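First comes the structure, then the notes that go with it.
The values are calculated or read from the model by the stated rules, or taken from the named source; none is laboratory data. The model shown is predicted, which means the values in this text are computed figures rather than measured ones. For neighbour counting, all protein chains shown are included, and Cβ atoms are generated from backbone atoms with ideal geometry for every residue, glycine included. For the accessible areas, the whole protein counts, side chains as well, though only heavy atoms, and no ligand, DNA or RNA atoms are used. Shrake-Rupley method; radii C 1.70, N 1.55, O 1.52, S 1.80 Å.
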Amino acid sequence: MGPVTLAVRDLDAMTRFYQRGLGLQLMGEEKGTATLGRQGTPVMILDQDGTLAHAPAGAAGLYHTAFLFPEASELASVVASVARQYPTQFQGSSDHLVSEAFYFGDPEGNGVELYIDRPRDAWRIGPNGEIEMASLALDPNLFLRTHLTEAGAEQVADTPAKVGHVHLKVGSIAAAREFYVDAVGFAVTFEFGPQALFVSAGGYHHHIGMNTWESRGAGERSPALGLCEVTISLPGDDSHTRDDALGALSERLAARGIAREFDGRELTFFDPWRNRIRVQAA
């Protein structure tokens with residue numbers, strides 16, 4: 001997963017949250033847009049738009065952006081930093097069997113997940129071939145006592161982090177499956193009836209999650225603050241293979257009558273709820 005772009009009202013306040021709270025580095029800022037990341041890799045783009053308002057309750061859009069950390073000590077450092085500087089933004093924590101996760105809201109109400117994966121050989125596969133996931137209790141204070149180092153408590157280091165997955169609010173799981181699985185080509189990794197769907201590439205537990213918990217029956221989004229764009233980067237060393245994959249995706253979308261823009265290197269389109277998706281060569 002590449003960077004997530006958010007439409008924001010207060011660029012300064014939002015930049016402070018992601019920079020000071022999460023420890024992201026400000027990689028560039030101009031013309032009302034701030035790009036933040038870790039070790040030279042962008043993970044969040046904030047695009048200021050003072051003409052937009054918040055979406056109404058029940059609208060489709062972003063559920064949360066999930067930032068993946070490689071080590072428990074690094075995750076603990078960031079969780080402690082956000083909790084210390086933005087104590088009212090903490091929303092909860094969960095053991096998902098495949099991962100341990102902490103949830104916050106940013107200053108404009110966008111969901112943020114901070115998490116670490118358990119080793120893949122510890123993931124359990126159910127009889128139907130789906131990866132077993134759950135939402136079990138996770139004591140945040142015990143996690144911090146166990147993993148927070150003295151150095152991590154003082155400062156968040158510029159360690160590797162990336163967007164591990166993006167979770168969307170959608171209007172229908174059946175429509176989400178038809179689009180993200182049948183058209184885009186993701187594989188289903190876990191499905192929770194008509195309420196939630198998790199899909200991925202390469203056997204990961206999920207790159208995109210979708211749910212109807214707050215948005216069942218929602219139609220196309222109107223322009224609003226919040227999610228602007230989700231980026232998907234195709235990895236690999238063979239540029240021809242990546243280009244072929246982009247071309248094949250473009251053809252699948254065209255065959256289904258889905259509008260898209262394709263310049264040979266980037267493919268941009270909208271899902272059924274007008275969430276903009278950009279697929280590009282890494």
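Listing for the model above:
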quantity: Considering residues of segment 97-124 that are assigned to a loop (DSSP other than H, G, I, E, B) and surrounded by fewer than 21 Cβ atoms within 10 Å (Cβ to Cβ) only, the residue farthest from the chain's Cα centre (by Cα); calculated: R124
quantity: Total residues in segment 103-160, condition in contact with an Asp or Glu (Cβ under 9 Å, 6 or more places away or on another chain) and either under 30 Å from G40 (Cβ atoms) or hydrophobic (A, V, I, L, M, F, W, C) (or both); calculated: 22
quantity: Selection from segment 9-36 of residues that are assigned to a helix (DSSP H, G or I), in contact with a Pro (Cβ under 9 Å, 6 or more places away or on another chain) and open to solvent by 10 Å² or more (accessible area, probe 1.4 Å); calculated: A13, R16
quantity: Strands (runs of 3 or more DSSP E) contained entirely in segment 187-249, each with at least 1 residues that are touching a strand residue (DSSP E or B) at 6+ places or on another chain (Cβ under 7 Å), within 30 Å of P107 (Cβ to Cβ) and open to solvent by less than 40 Å² (accessible area, probe 1.4 Å); calculated: 196-200, 208-211, 226-234
quantity: Segment 52-69, residues that are under 17 Å from Y103 (Cα atoms) and in a loop (DSSP other than H, G, I, E, B); calculated: F69
quantity: Residues satisfying the stated conditions in segment 172-202, i.e. on the phi > 0 side of the Ramachandran plot and in contact (Cβ under 8 Å) with a residue 24 or more places away in the chain; calculated: G185
quantity: Leading residue by the ranking (nearest to V43 (Cα to Cα)) among those in segment 250-275 that are of a type in the set (D, E, K, R) and open to solvent by less than 70 Å² (accessible area, probe 1.4 Å); calculated: E266
quantity: Of the criteria (1) farther than 30 Å from L249 by Cβ; (2) assigned to a loop (DSSP other than H, G, I, E, B); (3) open to solvent by less than 30 Å² (accessible area, probe 1.4 Å), which one P127 fails; calculated: (3)
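Here's the yes/no breakdown for (1) under 20 Å from Y204 (Cβ atoms); (2) in contact with a Ser or Thr (Cβ under 8 Å, 6 or more places away or on another chain):
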| position | (1), (2) |
| --- | --- |
| A76 | no, yes |
| F90 | no, no |
| F102 | yes, yes |
| I116 | yes, yes |
| A137 | no, yes |
| R145 | no, no |
